[in-house]
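What follows is a short report on a single structure.
The values are calculated or read from the model by the stated rules, or taken from the named source; none is laboratory data. Treat the numbers as computed from the prediction; the structure is a model and nothing was measured. Cβ coordinates were reconstructed from backbone atoms using ideal geometry, including for glycine residues, and neighbour counts include every protein chain displayed. Please note that ligands, DNA and RNA were not included when accessible areas were found on the heavy atoms of the full protein model with its side chains. Shrake-Rupley method; radii C 1.70, N 1.55, O 1.52, S 1.80 Å.
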Amino acid sequence: MEATSRAADGDLSSALASAAAGDEAAFARIVARYQEELFSIAVLVTRDRSLAEDAVQSAWAIAWRKLGTIRSPERLRPWLVSVTVNECKQQLRKRRKHADLEFIADTVAAPRHVDPATGVAGIDLRAAIERLDPDDRALLAMRYVAGFKAPELADAVGITPAGVRTRLKRLLDGLREELDR
């Protein structure tokens, strides 16, 4: 298992170096590895699949131009997530300036054959998350979709790990309180 992990790290390191030097095939391998995760995060932040697609596409354009700034492969994923979240926020700002926002009630497809009680709870949770500020949704996405720990989140949002944990606790407490009403 450890050998597989080292091989994957070596492949990523090689792909990163090659892509930074302009190798489009290496960049395509990086895109293939992270596209689905970045899109999931973008959908949660923007609440709109079309905006999420635009944000991720913009994030990949930025990544292509700036891959050379990433010095180690372990920094690539957090950097890509941060770029994607920033692009989501940018897309939301653009949309607010130029058009009325139309929120999609169900941005994440609900699984089929869901117990009605569970389905209602899921709808309530999605509605509560939709009412959050984009920065709060981004924090939740980075923590629970991307799986970032407090130190990675602290780097991404510019606060201390303790501040991240406090902010997450307040967010979760607020969501629980709203769902208990």
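For region 65-87, which residues satisfy the criterion of being in contact with a helix residue (DSSP H, G or I) (Cβ under 7 Å, 6 or more places away or on another chain) and under 24 Å from residue 43 (Cα atoms)? Listed by number, the residues that qualify are 67, 76, 77, 78, 80, 81, 82, 83, 84, 85, 87.
Would a scan of region 59-80 turn up a residue that is under 27 Å from residue 176 (Cβ atoms), open to solvent by less than 20 Å² (accessible area, probe 1.4 Å) and modelled with pLDDT of 80 or more? Explain how you work it out, then say what you get.
Let us first name the residues in region 59-80 that are under 27 Å from residue 176 (Cβ atoms), namely none.
The answer is no; no qualifying residue exists.
Taking the listed residues 31, 43, 56, 83, the one that is part of a helix (DSSP H, G or I), touching a residue at least 40 places away in the same chain (Cβ under 8 Å) and of a type in the set (Val, Ile, Thr) is 43, with no other qualifying.
Annotation note: Cβ proximity below 8 Å between a residue of region 133-147 that is open to solvent by 10 Å² or more (accessible area, probe 1.4 Å) and a residue that is modelled with pLDDT of 85 or more and small (Gly, Ala, Ser) (sequence gap 6+ or interchain) occurs for 145/40.
In region 96-104 there is at least one residue matching the filter, namely being modelled with pLDDT under 95 and either within 19 Å of the chain's Cα centre (by Cα) or within 17 Å of residue 143 (Cα to Cα) (or both). Within region 150-172, residues that are free of Cβ contacts under 8 Å to residues at least 12 places away in the same chain have Cβ atoms under 8 Å from residues that are among the polar types (S, T, N, Q) in these pairs: 154/160, counting only partners at least 6 apart in sequence or on another chain. Selection of region 4-21 for residues being at pLDDT 90 or above and either of a type in the set (Val, Ile, Thr) or loosely packed, with under 14 Cβ neighbours inside 10 Å (or both) yields only 21.
Flag set for residue 24, criterion: open to solvent by 60 Å² or more (accessible area, probe 1.4 Å), modelled with pLDDT of 90 or more and not hydrophobic (A, V, I, L, M, F, W, C).
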